[in-house]
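The values are calculated or read from the model by the stated rules, or taken from the named source; none is laboratory data. Since the model is a prediction, treat every value here as computed from it, not as a measurement. Cβ placement follows ideal geometry from the backbone for every residue including glycine, while neighbour counts extend to all protein chains displayed. The area values use the complete protein model at the heavy-atom level, side chains included, leaving out ligands, DNA and RNA. Shrake-Rupley method; radii C 1.70, N 1.55, O 1.52, S 1.80 Å.
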Amino acid sequence: MPWKTIRKHNETDVLPPNLVDYEEAYGSFTWAAAREELQGLPGGAGLNIAHEAVDRHAAGPYADASAIRWISKSGELLTFTYSNLRTETNRFANVLRSIGIGAGDRVFSLAGRIPELYIAALGTLKNRSVFCPLFSAFGPEPIKQRMSIGSAKAIVTTERLYRRKIEALRGELPELEHVLLVGENGEATEIPGTHDLHALLRQASEDFEIPPTDAEDMALLHFTSGTTGKPKGAVHVHAAVIAHHITGKLALDLRPGDIFWCTADPGWVTGTSYGIISPLTNAVTLVVDEEEFDLERWYRTLEEQKVTVWYTAPTAIRMMMRTGTEAARKYDTSTLRFLASVGEPLNPEGVVWGKEAFGLPFHDNWWQTETGGIMIANFRAMDIRPGSMGRPLPGIEAAIVERKEDGSVEPVASADTEGELALRPGWPSMFRSYLDEEERYRKCFADGWYLTGDLARQDDDGYLWFVGRADDVIKSAGHLVGPFEVESALMEHQAVAEAGVIGIPDETAGELVKAFVALKPGHKPSDALQKELLGYARKRLGPAVAPRQISFRTNLPKTRSGKIMRRLIKARELGLPEGDISTLESDEK
Ligand code: ATP
Ligand code: MG
């Protein structure tokens with residue numbers, strides 16, 4: 001690995017990290033103590049996510065602090081204090097109650113990042129109904145599929161999205177009883193068979209007492225990104241808030257007074273766990289931008305909103321890297337004190353680029369829809385090893401295991417051995433099932449481990465290194481090649497913006513490593529560049545691992561949550577069926 005450990009910038013001017021000493025924190029942590037950091041419903045009536053995120057603060061010292069600072073597409077600001085948020089979410093819970101939506105009923109959302117989405121999410125949880133966010137760019141088919149699997153009883157959406165995507169599906173969704181519409185520009189809407197959400201909210205009382213909630217009551221239904229196949233509906237319960245809270249505190253170093261921007265859409269688990277719940281339980285100010293990625297706008301937002309903690313994803317970081325550090329340096333981002341990334345492997349190049357552009361490295365962390373919260377992280381108090389996902393959160397036991405032929409599973413014998421990343425079940429935000437897919441759920445467990453489907457290795461000091469998804473790993477001439485390693489090596493070349501690596505069948509080697517590369521502005525595909533990249537990779541990786549073929553693309557196919565879909569690159573390359581592409585974003589062949 002050509003990268004050395006990164007020493008952090010001088011942080012003497014800010015408060016010490018929430019996690020000061022990793023070993024000590026890991027050794028002394030208990031989930032029972034983490035639960036004690038939350039309040040619980042009054043009178044011992046259980047644990048409810050929305051109480052911890054909103055009502056607890058609305059009745060305490062943060063009542064008048066900004067909870068959500070929303071930036072509309074046109075740049076207007078709208079701020080909700082914790083107290084405002086309590087009122088609005090109470091109204092929403094009362095609306096649900098008034099139309100007969102109760103505990104356990106599924107309330108879906110299909111909307112851009114509008115304030116109503118955040119109010120609906122938290123109001124739904126107050127009512128003990130189950131919140132299920134969908135990404136607003138989904139087409140009718142993926143919407144129908146997810147709403148059927150999830151038995152949607154109500155949906156919150158906009159007039160425009162309803163007309164374009166849902167109206168025609170109504171006949172095929174017999175369980176869908178209520179459609180709550182947000183009119184265009186907040187205006188009244190009168191479509192037969194729907195409710196005008198704002199009209200109902202105006203009539204609703206602003207008082208609502210959260211009913212007793214069992215920590216094991218179902219709270220959230222999240223569909224996975226569909227990177228490797230058909231998306232699965234992961235079920236989460238109210239107890240998850242314990243993990244949302246403590247991981248935000250320890251891994252993202254959140255504290256009251258922070259201005260936190262999570263760029264993920266709540267249609268994905270990151271946008272809910274860390275784009276709604278965790279920042280609010282930690283009493284920070286959450287920045288929400290309604291607009292999609294736009295380089296200049298993002299830098300301006302960091303400056304104007306005085307963002308202190310920023311949580312984003314490798315795809316966005318790679319897009320920023322395409323245009324170099326000068327663009328970022330034009331803005332005053334000096335309020336930033338912590339940068340983090342999730343969703344895909346973060347190439348070492350990206351970690352270091354953060355330091356060049358913002359004076360701070362990106363801290364990679366790893367988790368999944370199924371784990372509900374961050375499981376592995378580069379903590380503020382630890383030196384970063386660029387390319388490593390970091391170390392397990394306190395309370396999380398992780399191991400690299402090997403699956404034996406008889407189906408049993410055993411931790412690998414020595415450090416630096418590749419195997420499947422496994423976690424010991426038992427943390428509060430662990431998914432409780434895949435909805436209606438008992439068999440698929442059961443297959444994730446063996447010998448007391450939850451098997452993540454990702455391959456990794458752990459070094460002598462306990463840092464975990466991502467190798468690839470089990471489905472993406474390439475078997476070439478007796479070697480196991482992880483696409484991430486090859487992609488990261490290519491990314492170090494100054495012409496490369498992005499790379500996706502797959503295995504293609506080969507008679508002698510079994511599989512050959514093939515790379516698909518998108519170039520940075522100012523570079524053009526050519527035979528000479530192809531040769532240069534092949535040589536460059538070979539020098540870095542050796543002939544067994546280096547790609548044998550390189551093909552240029554303008555863009556690589558990605559999920560809407562920004563992950564490279566290697567299975568799709570492969571299917572297209574081999575002329576195989578494309579499989580489930582409901583979450584596909586860019587569609588350049
Ligand atoms: P599906 O399970 O439907 O194929 P998905 O796994 O992409 O989709 P998510 O739950 O959104 O759905 O993503 C979790 C996965 O993303 C992880 O299992 C891992 O493969 C990848 N991932 C997330 N964070 C990181 C990271 N920091 N480094 C490497 N990979 C990561
Ligand atoms: Mg997955």
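Below, the figures for the structure above:
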read-out	value
Qualifying residue in the range 208-221 (condition: in a loop (DSSP other than H, G, I, E, B), within 30 Å of ALA33 (Cα to Cα), free of Cβ contacts under 8 Å to residues at least 12 places away in the same chain and away from ligand 2 (no atom under 16 Å from the Cβ))	yes
Some residue of the range 349-367 being in contact with a Ser or Thr (Cβ under 6 Å, 6 or more places away or on another chain), in contact (Cβ under 8 Å) with a residue 60 or more places away in the chain and either away from ligand 2 (no atom under 16 Å from the Cβ) or under 27 Å from LYS232 (Cβ atoms) (or both)	no
Residues of the range 450-465 satisfying the condition of being away from ligand 2 (no atom under 16 Å from the Cβ) and buried (at least 16 other Cβ atoms within 10 Å of the Cβ)	ARG457, GLN458, TYR463, LEU464, TRP465
Matching residues in the range 330-358 - criterion: being of a type in the set (Gly, Ala, Ser), closer than 26 Å to LEU15 by Cβ and open to solvent by less than 30 Å² (accessible area, probe 1.4 Å)	ALA340, SER341, GLY354, ALA357
Single residue of GLY343, GLY372 found to be within 16 Å of ligand 2 (Cβ to nearest atom) and closer than 13 Å to THR247 by Cα	GLY372
Residue count for the range 224-265, restricted to those that are within 16 Å of ligand 2 (Cβ to nearest atom) and under 14 Å from the mean Cα position of the chain (by Cα)	6
Those helices (runs of 4 or more DSSP H) lying entirely in the range 466-581 with at least 3 residues away from ligand 2 (no atom under 16 Å from the Cβ) and open to solvent by 40 Å² or more (accessible area, probe 1.4 Å)	527-541, 566-574
Odd one out for MET319 among (1) open to solvent by 10 Å² or more (accessible area, probe 1.4 Å); (2) within 23 Å of PHE29 (Cα to Cα)	(2)
